[in-house]
Amino acid sequence: MPKNTVDIPEGRCNCLAVRQAARYLTAVYDQALSRAGIRATQFSILHKLLAGGPLAIGELAAAIAMDRTTLATNLKLLERNGLIDMVAGEDRRVKIAVLTKAGAARYHTALPHWQAVQSQFEGRYGERRAENLRKSLREVLQSGFEPWAEAEGNAEVQETN
């Protein structure tokens, strides 16, 4: 019987470590935000639209580091629930996400739940460590990759989230 071999030392995969932590924290934030009837991803989208005003799908995707297909799925749900409107831009091919009054109200309903879980995390993990973690993760976004670029090589590797 052949012996199983592992070429990557256990615990060394950056992607796995980040995804594990992201799934863990997403579940915690989702649980807290469920009291307001939204999930962490939806809260982030509402926040970006409240803070930045109406945004084209491409701008919003870049602002939250999400591929356009996944973002479009989330936007459809928010639109169906009356939390955003999708309107045509000056260039009719461009779709703009606009926060509705109901969306702003839902954001403000969810905000105390977000603040509570944010404080709990920082209390357990450490405020300074949490700040450094956010800084490090934002730096990852500037590491020179173009994960959503339409390139020849990207067609070979596809995965759904």
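The values are calculated or read from the model by the stated rules, or taken from the named source; none is laboratory data. A quick note: this is a predicted structure, and the numbers were derived from the prediction, not measured. Note: ideal-geometry Cβ built from the backbone for every residue, glycine included; neighbour counts use all protein chains shown.
Scanning the stretch 66-87 for residues that are among the basic types (Lys, Arg) and either free of Cβ contacts under 8 Å to residues at least 24 places away in the same chain or in a loop (DSSP other than H, G, I, E, B) (or both), we see that the one that is surrounded by the fewest Cβ atoms within 10 Å (Cβ to Cβ) is ARG80. Kindly indicate whether LEU99 is surrounded by 13 or more Cβ atoms within 10 Å (Cβ to Cβ), within 16 Å of the chain's Cα centre (by Cα) and not acidic (Asp, Glu). Spelling it out, it is not the case that LEU99 is surrounded by 13 or more Cβ atoms within 10 Å (Cβ to Cβ), within 16 Å of the chain's Cα centre (by Cα) and not acidic (Asp, Glu). Does TRP148 count as surrounded by 15 or more Cβ atoms within 10 Å (Cβ to Cβ), over 22 Å from ASP30 (Cβ atoms) and touching a residue at least 40 places away in the same chain (Cβ under 8 Å)? Taking the combined requirement at face value, the residue satisfies it.
Counting residues in the stretch 33-53 that are over 25 Å from ARG134 (Cα atoms), free of Cβ contacts under 8 Å to residues at least 60 places away in the same chain and in contact with a strand residue (DSSP E or B) (Cβ under 7 Å, 6 or more places away or on another chain) gives zero.
Restricting attention to the stretch 1-31, the residues that are under 16 Å from the mean Cα position of the chain (by Cα) and either modelled with pLDDT under 95 or not acidic (Asp, Glu) (or both) total 14.
Condition check ((1) surrounded by 14 or more Cβ atoms within 10 Å (Cβ to Cβ); (2) part of a helix (DSSP H, G or I); (3) out of contact with any Asp or Glu (no Cβ under 6 Å at 6 or more places or on another chain)) across all residues:
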{"site": "LEU33", "(1), (2), (3)": "yes, yes, yes"}
{"site": "GLN42", "(1), (2), (3)": "yes, yes, yes"}
{"site": "LEU50", "(1), (2), (3)": "yes, yes, yes"}
{"site": "GLY58", "(1), (2), (3)": "no, yes, yes"}
{"site": "ALA63", "(1), (2), (3)": "yes, yes, yes"}
{"site": "ARG92", "(1), (2), (3)": "no, no, yes"}
{"site": "ARG106", "(1), (2), (3)": "yes, yes, yes"}
{"site": "ALA116", "(1), (2), (3)": "no, yes, yes"}
{"site": "GLU122", "(1), (2), (3)": "yes, yes, yes"}
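If you go through the stretch 47-77 and pick out every residue that is of a type in the set (A, V, I, L, M, F, W, C), touching a Leu at 6+ places or on another chain (Cβ under 9 Å) and over 25 Å from PRO147 (Cα atoms), you end up with 1.
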